[in-house]
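Take a look at the structure set out below.
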Amino acid sequence: MKNISSKQLVSVGLLLFAIFVAAPLIIGATGRWDFYFTLTSVALLAIASAGVWLTFYIGRINIGQGAFALIGAYVSAILVVKSGVSFWISLPAAGIFAAIVAIVIGLPILRLRGVYFAMITLVLTQVVTLTALALPITNGAKGISSIPLPSGVSLFGIPIIPDFAAMESTKLAFYYTACILMIATYAALYRLVNSRLGHLCRSMQQNEELASSIGVNISYIRMVIFAISSFFGGIGGAMFGSIAQSVYPSSFQVADSVNFMLNCFLGGLGYVFGPMLGTLVLYFGWDLLFELGKYQLLVYSIILIAVIRFLPNGLLSVRIGKGASK
Amino acid sequence: MEQILANGIYLGSQYAMIALGLTLIFALMNVLNFAHGQMYVIGGFVTYTFYGQWGVPFVLALVMSCVTLAIIGALIEKFLFAPVIKGSAREESTMLLAAGIAFLLDALILLIFGEKQRGVPKIVDGVFNYDFRLIMPYDRILICVLAILSIVAFIGLMQYSKTGRALRALAQDRIAAQLMGVNVDRYSMIGFALGAMLAGLVGGLLVTITGVNLGMGGATSIKAFMMVMIGGAGVISGAIWGGIILGFMEAIGLAVLSQYGDITYLLIFVSLMIFLAIRPQGLMGKPWG
Amino acid sequence: MSALLQVKNVTKKYGGLTANNNISFDVSENEILSVIGPNGAGKSTLFKMISSFTPTTSGEVLYHGERISNLKPHIVARKGIVRTFQETTIFKSMTVRESVIVAQHLRAKASLAGYFWGTKTAKEDVAAFGIYADELLEFLGMSSISSELAHNLPQGNLRALGVAIGLATAPKVLLLDEPFAGMNHDETMQMVDLVRSVRDERGVTVLLVEHDMPAVMNISDRIVVLNFGEKIAEGSPSEIQNNEKVIEAYLGSVDDEIGM
């Protein structure tokens, strides 16, 4: 793409360096191995947040990503545990299943706008949790536990992905897997936003009537975007389940859906990489505040409110003028 | 049958009050108050503290719940929502702020009242039993009557008082209301306080029956959202209908579907989706967009 | 002369109110036809029905003999009938050039996935869109403002942007919604020239809804007059000017409008 500036190339290079070289080095030096889990979580939550950001791009406030993450986690877990399918097949299957659910639900609800869409997606999260509690296949409140680790994959006898169960520590393997998935997600998101689909989304975000007058099939584009968004949610959720080796109805709740939304807002809705930054800051912020014990939530919410009060356009808006990454 | 009807009225009257507060705030400021459930929980804890712990008469404890929430609501509106609404034209910012406030109230509840489930002594003993076809404890009947009286009082206030007229003018058209000489800032604050107070009042009423715990906040908000969507956002009659309909659906679901596990809410959600596909503005809402 | 667009017995009722009653007229190829009438005559309802932004209660609109009423707006646009809006309906935070490029959506040869992967066809499309956008803006005399954000434009330019967005779809029929509303005499004359050159040089048939009488008399080949939802006259500008019903119903009320 000719519109990638050298500055952007440098930023991407720095990001890759930070993920694959600097972070492991620092963790190795400090011995804080628990940071691998934190960073892996950030990467996976950032994937789900990317989906939420995409629905913002067509002008819909999506507070239902927790539902799709939970669906993805259950689909993968059920496929691996009950049908013995390889995790690496269950992962895309989870994404696709979440996308299909999104299409079915999207037909009626994508016509809603503004707070109406926000409300119904929030309700959706709660309903999926309740459904997981009620259905026999999801095993109710007990959930699905002791999910086997991802098995190895080899093509024509050449190993492509090693067997996670044979590893001494899966932390690093999961970290790399999550980061690669996250990079793929954001590369796809960047490409999508800068391709014609992205331009059509922008036109819909700004004026749906005008968009339909120039021949944009707005209900179709909405559906496609909601499906892609939920695909990201499903992938993130499935990967999470695999790392935790368990899924419960409470694995993704309303608070998670709200957090996905907060990640996007906080990072800034105008920037493709906003949700990634938002997730990192929120999750790390939450983690760092752990030392505060019972005051954790209090301090966290006060900081959150202060940010909204004084930086209404998100964290990345601070560096406007230095050429935002859009 | 009679039992379902009675349960439906009982649940519906509580729900309608919760939805009324939410819809009032939405109508006045176009704010979706995520923290509504938390306000309800605080109302419950205040009544628990005064009535359950300190032995203050129940009615006085209820008044304390109302006052506490009215003050909290007014402060939140004045120092958080009003400046954020002025500073940003996008409705997303207020939604984000509301989510932040929900977290903050959760944190405060956790610090002040703890995370344990709390209950209070029964306000009236005894059970009304009509031939074993309709069984209802007297305290539930009393709470139900109090809730209905509160709704009637609220409607009366909105219809006939000066404050109510100003609030309705504000809800209909902010700019027109301003031109007519309504003090928009002041009445926004009053309206928000009133909405929060309703949440607190239901919390105080229901603590006598279900008790109260930290986790109830989110679930209550979600039910309130469903009611508002059924009835139509920002419409008072819609909130009441939404509350009654959800109350009845739950009562019927619990009675009929209990042997199939907890799928009542799944069915309610599916019917809500089908309903919204046909009528996106809800029962009483005005068509839009 | 065969009709390109036929409005046949179109009626629209809102509850008990009849906004349009049994309206019929034809639009010929390469014609500029105006629908006029005093405020509340049902012009904009008729306009919305022709562009399928609202369904008809009864009757139909035909294009090349094929029904285009009661469809989705984007399908009508795909058939080549494209409407414009009044000035507030724009892509606010796009530049003029971006708006015109996005509006060429229907001309794309590559699929959406093709654009994602950056296929050869997609790259050709992108290049062609840019060239066409520049050419179109040049034609409309808007080259100098091509990189302005739409919400920074003055009112007169917004109207032109609306026409540019409409034209970018390469329509066969362009439906203009009150293109002269709120314009002063000079701006109106510029717009009249623009609309005429759209027809003359681009071969686009134009149907417009308007109540600015002098401009309409100047620009139109034929005029349809509505009053209280009924068609009361149809004909050339000079016929309309001398039609008694029109003078009575419409021109009489012009005094009121001037009085305002």
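Can you tell me which residue in segment B:50-72 is nearest to the chain's Cα centre (by Cα), limited to those that are modelled with pLDDT of 95 or more and of a type in the set (S, T, N, Q)?
B:Ser65
Looking at segment A:29-85, which of the residues that are aliphatic (A, V, I, L, M) and in a loop (DSSP other than H, G, I, E, B) is surrounded by the most Cβ atoms within 10 Å (Cβ to Cβ)? Please lay out each step first, then the result.
If we filter segment A:29-85 for residues that are aliphatic (A, V, I, L, M), which is where we start, we get A:29, A:39, A:42-48, A:50, A:52, A:54, A:58, A:61, A:63, A:67, A:69-71, A:73, A:75, A:77-81, A:85.
With the extra rule that they be in a loop (DSSP other than H, G, I, E, B), the set shrinks to A:58, A:61, A:63, A:85.
On the way: A:Ile58: 23, A:Ile61: 26, A:Ile63: 29, A:Val85: 15.
Result: A:Ile63.
Tell me, which residue of segment A:142-199 that is within 14 Å of another protein chain (Cβ to nearest Cβ) and surrounded by fewer than 17 Cβ atoms within 10 Å (Cβ to Cβ) is nearest to A:Leu9 (Cα to Cα)?
So, considering only residues that are within 14 Å of another protein chain (Cβ to nearest Cβ) and surrounded by fewer than 17 Cβ atoms within 10 Å (Cβ to Cβ), the one nearest to A:Leu9 (Cα to Cα) is A:Ala187.
For C:Ser24, only one of the following conditions fails: (1) in a strand (DSSP E or B); (2) touching a helix residue (DSSP H, G or I) at 6+ places or on another chain (Cβ under 7 Å); (3) touching a residue at least 60 places away in the same chain (Cβ under 8 Å). What is its number?
Status for C:Ser24: all satisfied but (2).
Across segment A:96-133, which residue is farthest from B:Phe34 (Cα to Cα) among those that are at the interface with chain B (Cβ under 7 Å from one of its Cβ atoms) and polar (S, T, N, Q)?
Looking at residues that are at the interface with chain B (Cβ under 7 Å from one of its Cβ atoms) and polar (S, T, N, Q), I get A:Thr131.
Quick check on segment C:103-126: of everything there that is in contact with a Leu (Cβ under 7 Å, 6 or more places away or on another chain) and surrounded by 20 or more Cβ atoms within 10 Å (Cβ to Cβ), which residue is farthest from A:Arg191 (Cα to Cα)? Full working, then the answer.
Here is the first cut: in segment C:103-126, the residues in contact with a Leu (Cβ under 7 Å, 6 or more places away or on another chain) are C:105, C:112, C:115-116.
When the remaining residues are screened for being surrounded by 20 or more Cβ atoms within 10 Å (Cβ to Cβ), the result is C:105, C:115.
Numbers: C:His105: 18, C:Tyr115: 9 Å.
It comes out as C:His105.
So is C:Glu201 in contact with a Gly (Cβ under 7 Å, 6 or more places away or on another chain) and surrounded by fewer than 21 Cβ atoms within 10 Å (Cβ to Cβ) or not?
Values: in contact with a Gly (Cβ under 7 Å, 6 or more places away or on another chain): no; surrounded by fewer than 21 Cβ atoms within 10 Å (Cβ to Cβ): yes.
Here the answer is no, as C:Glu201 does not meet what is asked.
Within 16 Å of the chain's Cα centre (by Cα), closer than 23 Å to A:Ser257 by Cα, modelled with pLDDT of 90 or more and assigned to a helix (DSSP H, G or I): is that true of B:Val228 in this structure? It would help to see each step written out before you state the result.
Details: within 16 Å of the chain's Cα centre (by Cα): yes; closer than 23 Å to A:Ser257 by Cα: yes; modelled with pLDDT of 90 or more: yes; assigned to a helix (DSSP H, G or I): yes.
Yes: the conditions hold for B:Val228.
Only one of (1) free of Cβ contacts under 8 Å to residues at least 12 places away in the same chain; (2) away from chain A (no Cβ under 14 Å); (3) within 27 Å of A:Ser212 (Cβ to Cβ) is not met by C:Thr119, so which one is it?
Condition not satisfied by C:Thr119: (2).
Kindly indicate whether any position in segment A:86-106 is under 23 Å from A:Ile180 (Cα atoms), surrounded by fewer than 23 Cβ atoms within 10 Å (Cβ to Cβ), in contact with a strand residue (DSSP E or B) (Cβ under 6 Å, 6 or more places away or on another chain) and touching a residue at least 40 places away in the same chain (Cβ under 8 Å).
Checked segment A:86-106: at least one residue is under 23 Å from A:Ile180 (Cα atoms), surrounded by fewer than 23 Cβ atoms within 10 Å (Cβ to Cβ), in contact with a strand residue (DSSP E or B) (Cβ under 6 Å, 6 or more places away or on another chain) and touching a residue at least 40 places away in the same chain (Cβ under 8 Å).
Given the criterion of a type in the set (A, V, I, L, M, F, W, C), away from every other protein chain (no Cβ under 11 Å), in contact (Cβ under 8 Å) with a residue 40 or more places away in the chain and crowded, with 24+ Cβ neighbours inside 10 Å, identify the matching residue among A:Phe273, A:Phe252.
Going through A:Phe273, A:Phe252 in turn, just one is of a type in the set (A, V, I, L, M, F, W, C), away from every other protein chain (no Cβ under 11 Å), in contact (Cβ under 8 Å) with a residue 40 or more places away in the chain and crowded, with 24+ Cβ neighbours inside 10 Å: A:Phe252.
Residue under question is A:Met223, and the condition is that it be part of a helix (DSSP H, G or I), more than 11 Å from chain C (Cβ to nearest Cβ), more than 15 Å from the chain's Cα centre (by Cα) and hydrophobic (A, V, I, L, M, F, W, C); does it hold? Quick ask: steps written out before the conclusion?
Details: part of a helix (DSSP H, G or I): yes; more than 11 Å from chain C (Cβ to nearest Cβ): yes; more than 15 Å from the chain's Cα centre (by Cα): yes; hydrophobic (A, V, I, L, M, F, W, C): yes.
When the stated conditions are applied, A:Met223 passes them.
Among (1) closer than 13 Å to A:Ala238 by Cα; (2) under 13 Å from the mean Cα position of the chain (by Cα), there is one condition A:Trp53 misses while meeting the rest; what is its number?
(1)
Within segment B:106-181, which helices (runs of 4 or more DSSP H) (wholly inside it) include 1 or more residues that are over 25 Å from B:Gly44 (Cβ atoms) and within 21 Å of the chain's Cα centre (by Cα)?
Values: elements: B:138-160, B:162-172, B:174-179.
Helices (runs of 4 or more DSSP H) meeting the threshold: B:138-160, B:162-172.
Residue by residue through segment A:276-310, note down the ones that are hydroxyl-bearing (Ser, Thr, Tyr) and within 11 Å of chain B (Cβ to nearest Cβ). Before you say what the answer is, go through the steps one by one.
Start the filter on segment A:276-310 by keeping residues that are hydroxyl-bearing (Ser, Thr, Tyr), which leaves A:279, A:283, A:295, A:300-301.
Residues satisfying the conditions are A:Tyr295, A:Tyr300, A:Ser301.
Which of the numbered conditions does C:Val82 fail, given that it passes all the others? Conditions: (1) over 19 Å from C:Val198 (Cβ atoms); (2) modelled with pLDDT of 90 or more; (3) of a type in the set (A, V, I, L, M, F, W, C).
(1)
Please go through (1) at pLDDT 90 or above; (2) under 19 Å from A:Leu210 (Cα atoms) for C:Ala181 and return the number of the only condition it doesn't satisfy.
(1) is the only condition that C:Ala181 fails.
Please work out which residue is nearest to A:Leu200 (Cα to Cα), limiting yourself to segment C:103-116 and to residues that are without any contact (Cβ under 8 Å) to a residue 24 or more places away in the chain and at the interface with chain A (Cβ under 7 Å from one of its Cβ atoms). Talk me through it step by step, then tell me what you get.
Step one: list which residues in segment C:103-116 are without any contact (Cβ under 8 Å) to a residue 24 or more places away in the chain, which gives C:108-116.
Next, only the ones that are at the interface with chain A (Cβ under 7 Å from one of its Cβ atoms) stay: C:108, C:112, C:115-116.
Numbers: C:Ala108: 12, C:Leu112: 10, C:Tyr115: 12, C:Phe116: 13 Å.
Filtering segment C:103-116 for residues that are without any contact (Cβ under 8 Å) to a residue 24 or more places away in the chain and at the interface with chain A (Cβ under 7 Å from one of its Cβ atoms), the one nearest to A:Leu200 (Cα to Cα) comes out as C:Leu112.
For segment A:200-217, which positions are farther than 27 Å from A:Gly278 by Cβ and more than 7 Å from chain C (Cβ to nearest Cβ)?
Across segment A:200-217, the qualifying residue is only A:Ala211.
If B:Trp241 passes every condition in (1) in a helix (DSSP H, G or I); (2) more than 30 Å from B:Thr49 (Cα to Cα); (3) at pLDDT below 90 but one, which one does it miss?
Evaluating B:Trp241 over (1) in a helix (DSSP H, G or I); (2) more than 30 Å from B:Thr49 (Cα to Cα); (3) at pLDDT below 90 leaves (3) as the failure.
Check every one of the helices (runs of 4 or more DSSP H) wholly within segment C:91-201 and list those with 3 or more residues that are within 30 Å of C:Met217 (Cβ to Cβ), under 22 Å from the mean Cα position of the chain (by Cα) and not assigned by TED's automatic domain parsing to the domain that holds C:Gly42.
C:120-139, C:155-168
Quick one: in segment B:70-105, which of the residues that are among the small types (Gly, Ala, Ser), at the interface with chain A (Cβ under 10 Å from one of its Cβ atoms) and in a helix (DSSP H, G or I) is surrounded by the most Cβ atoms within 10 Å (Cβ to Cβ)?
As a first pass, look at segment B:70-105 and keep what is among the small types (Gly, Ala, Ser): B:70, B:73-74, B:82, B:87-89, B:93, B:98-100, B:102.
Keeping just the survivors that are at the interface with chain A (Cβ under 10 Å from one of its Cβ atoms) gives B:87-89, B:93, B:98-100, B:102.
In the following step, the residues that additionally are in a helix (DSSP H, G or I) were identified as B:87, B:93, B:98-100, B:102.
Values: B:Gly87: 12, B:Ser93: 20, B:Ala98: 23, B:Ala99: 24, B:Gly100: 27, B:Ala102: 24.
Ranking the candidates gives B:Gly100 first.
Is it the case that some residue within segment C:208-218 is modelled with pLDDT of 90 or more, under 21 Å from C:Ser52 (Cβ atoms) and buried (at least 22 other Cβ atoms within 10 Å of the Cβ)?
Yes, segment C:208-218 has at least one match.
Of all residues being over 19 Å from C:Arg107 (Cβ atoms) and of a type in the set (A, V, I, L, M) in segment C:56-95, which is nearest to the other protein chains (Cβ to nearest Cβ)? Just the residue, please.
Ranking the qualifying residues of segment C:56-95, first place goes to C:Ile90.
Name the single residue, out of those in segment A:1-22 being modelled with pLDDT of 85 or more and among the small types (Gly, Ala, Ser), that is nearest to the chain's Cα centre (by Cα).
By that ranking, first place goes to A:Ala18.
The values are calculated or read from the model by the stated rules, or taken from the named source; none is laboratory data. Note that this is a predicted model, so its numbers are computed, not measured. Backbone-built Cβ (ideal geometry, glycine too); neighbour counts: all protein chains shown.
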